[in-house]
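See structure below.
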Amino acid sequence: RLAIEPGMIDAMRRDGELIAVREPGSTTWLYPPWQFDGLNPLPSIPRIVRAARETGLDEARLFTIMTARRGLGSEGRVYELLREGRADDVVELVRAG
């Protein structure tokens, strides 16, 4: 869908340039669309993946954090903070695990 060769997108995931998650029992990586600006990953994604790895979070836990509600009673999700230019807040949430 992204017009990027599958091998290249997998290398980007391994290198921490993309967030991916697998459904239980699946061997296929899913790449959430909220991390892209058109065809390109948001520039803050590598920083968020790095924070997750430094904290010892796996892909599934990082995805759970990124898709969690922003607060009690909030309709918004953590990943929406990226679109608001609040990558520092997302990194803090990831580090808190």
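The values are calculated or read from the model by the stated rules, or taken from the named source; none is laboratory data. What you are looking at is a predicted structure, and each value in this text was computed from that prediction instead of being measured. Every residue, glycine as well, gets a Cβ built from its backbone with ideal geometry; the counts of neighbours run over all protein chains shown. Ligands, DNA and RNA are stripped out before the accessible areas are found, and what is left, the full protein with its side chains, is counted by its heavy atoms. Shrake-Rupley method; radii C 1.70, N 1.55, O 1.52, S 1.80 Å.
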Looking at ARG95, is it of a type in the set (D, E, K, R), free of Cβ contacts under 8 Å to residues at least 24 places away in the same chain and open to solvent by 30 Å² or more (accessible area, probe 1.4 Å)? no
Given the criterion without any contact (Cβ under 8 Å) to a residue 24 or more places away in the chain and either surrounded by 14 or more Cβ atoms within 10 Å (Cβ to Cβ) or in contact with a Leu (Cβ under 9 Å, 6 or more places away or on another chain) (or both), identify the matching residue among ARG61, ARG47, ARG13. ARG13
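So that you can scan it fast, the table gives a plain yes or no per residue for (1) at negative phi; (2) acidic (Asp, Glu); (3) modelled with pLDDT of 95 or more; (4) assigned to a loop (DSSP other than H, G, I, E, B):
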| residue | (1), (2), (3), (4) |
| --- | --- |
| ALA3 | no, no, no, yes |
| ILE9 | yes, no, no, no |
| ALA52 | yes, no, yes, no |
| LEU57 | yes, no, yes, yes |
| LEU62 | yes, no, yes, no |
What are the residues in segment 21-47 that are of a type in the set (A, V, I, L, M), assigned to a loop (DSSP other than H, G, I, E, B) and more than 23 Å from ASP88 (Cβ to Cβ), if any? LEU39
Out of the residues in segment 12-47 that are of a type in the set (A, V, I, L, M) and under 19 Å from ASP58 (Cβ atoms), which is farthest from the chain's Cα centre (by Cα)? MET12
All positions within segment 73-87 that are open to solvent by 90 Å² or more (accessible area, probe 1.4 Å) and in a helix (DSSP H, G or I): ARG83
Of the residues that sit in segment 60-81 and are hydroxyl-bearing (Ser, Thr, Tyr) and out of contact with any Phe, Trp or Tyr (no Cβ under 7 Å at 6 or more places or on another chain), which one is farthest from TRP29 (Cα to Cα)? SER74
